[in-house]
Amino acid sequence: MQSSRRLKVASLGSGSKGNATLVSNGEVTVMVDCGFTVKEVLKRLPRINLEPEQIDGILVTHEHQDHISGVGALSRKFSIPVWATRGSLLSGKCGNLPEYNVIEGFSPFSIGSLDITPLSVPHDAREPCQFLFTQDELRLAILTDLGCFTPRIVEQLTPCHGILLECNHDEEMLWNGPYPDRLKQRVAGRMGHMSNRQAIELLQQMDTDALQLVIATHLSEQNNCPKLVGDLLAETLDWPVEQIKIAEQDMGFGWHELVLESNRVFESV
Ligand SMILES: [Zn+2]
Ligand SMILES: [Zn+2]
């Protein structure tokens, strides 16, 4: 008999031009961030067979445009409640919301049967957070937009069955690339974005025994190369390179599901 314990994740797009990630446990479906217009969301949702009315909540990681620009409009159009830290809400970037919930002190909370733990991350926003979703023993982490990882994050990711991990830039490509110096320093700084090297270091420091799904996210189009990221992560984890998924700016990625059956977790597309 198949277990009902499952978690699945999909993306409408990932990168500095817009982000929106969907997480569902089969009963409750949430969107993490919405950096797209309502029109663009409605164009992209059919790719993952989802209707906007099926979205039970929008979770906000932080107030940068690529994450928040479409949150208010989508929430108003379909009366979807929003969850965000006080810092993100105080940015005023959501406008008036029909219903919102404050994430207080990074305390865990639930939306229906979906349990969520906010993760505090170093990033140059007012009160940025990322999210760990748990369903029984299953744990799925979204970890993007952080300049570096902390011992606390490594601890919170143990164990972890699936992770959406920021691999923003290759350090050499960034420093030799076209960005102005100030922007290079911001991206590479401790409150900026994780490089491929930092993502590898995080994987090396966390317990990866239970890890079945790794999706590289928030890749810079100018300062990174998907093939390089796939090769590096596969080598680090000693996985076949096909097992490493890369989130694309335009296409995001389709549903990936973690299912806990007996004591074994597997992933299916
Ligand atoms: Zn971002
Ligand atoms: Zn950001």
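Taking every DSSP bridge with both residues inside region 6-268, close to 60 percent are antiparallel. Rounded to the nearest 20, the Cβ-based charge dipole of the chain about its Cα centre (Lys and Arg +1, Asp and Glu -1) stands at 760 debye. Test of understanding: given the chain, find the longest segment containing no trypsin sites (Lys or Arg not before Pro) that are in a DSSP loop and have at most 16 other Cβ atoms within 10 Å. Here the longest run is 18-125. For the pair region 1-69 / region 87-144, the C-alpha centres are spaced 14 Å from each other.
Amide H contacts of residue 36 (H built 1.01 Å from N, in plane; Pro and chain starts excluded): 19, 70 sit under 5 Å, all sequence-distant by 5 or more or on other chains. Okay, which of region 50-77 sit inside 15 Å, backbone N to the point 7 Å along the Cα-Cβ direction of residue 124? What the label zone holds, given the 15 Å backbone N cut-off, is 63-66. Working from the pairwise distances between different alpha carbons, so that the mean of 1/r is found and then inverted, what is region 93-208's Kirkwood radius in Å? With all distinct Cα pairs of region 93-208 included, I get 15.6 Å.
Around the amide H of residue 111, modelled in the peptide plane, lie the amide H atoms of 116, all under 5 Å away and 5 or more residues distant in sequence or on another chain. Our helix-only sum for the chain, with -39,500 (n - 2.57) per DSSP H run of n ≥ 4 divided by its residues, gives a mean residue ellipticity at 222 nm of -6500 deg cm²/dmol.
Each of 102, 230, 121 was placed along the dipole of the chain (beta-carbon charges, centred on the mean Cα), and the one lying farthest toward the positive end is 102.
Close amide H partners of residue 246, meaning residues 5 or more places away or on another chain with modelled amide H under 5 Å apart, are 216. Computed from the Cα positions only, the extents of the chain along the three principal axes stand at 49, 45, 35 Å, in decreasing order. Couplings 3J(HN,Hα) for region 43-54, derived from phi with the Karplus relation 6.51 cos²θ - 1.76 cosθ + 1.60 (θ = phi - 60°), are 6, 8, 4, x, 4, 10, 6, 10, 9, x, 5, 7 Hz, where x marks Gly and Pro. Remark: region 137-149, residue by residue, has Karplus-estimated 3J(HN,Hα) of 8, 6, 9, 10, 10, 10, 9, 10, 6, 9, x, 7, 9 Hz, where x stands for each Gly or Pro and the curve is 6.51 cos²θ - 1.76 cosθ + 1.60 at θ = phi - 60°. Counting other C-beta atoms within 10 Å, and keeping those with at most 14, which DSSP coil GluC sites (Glu not before Pro) do you find in region 164-269? Hits after loop and neighbour filter: 221.
Coordinate-derived values only; no laboratory data. Nothing here was measured: the structure is a model prediction, and the numbers come from that model. Methodologically, a virtual Cβ is constructed for each residue, glycine included, from the backbone with ideal geometry; neighbour enumeration extends over all protein chains shown.
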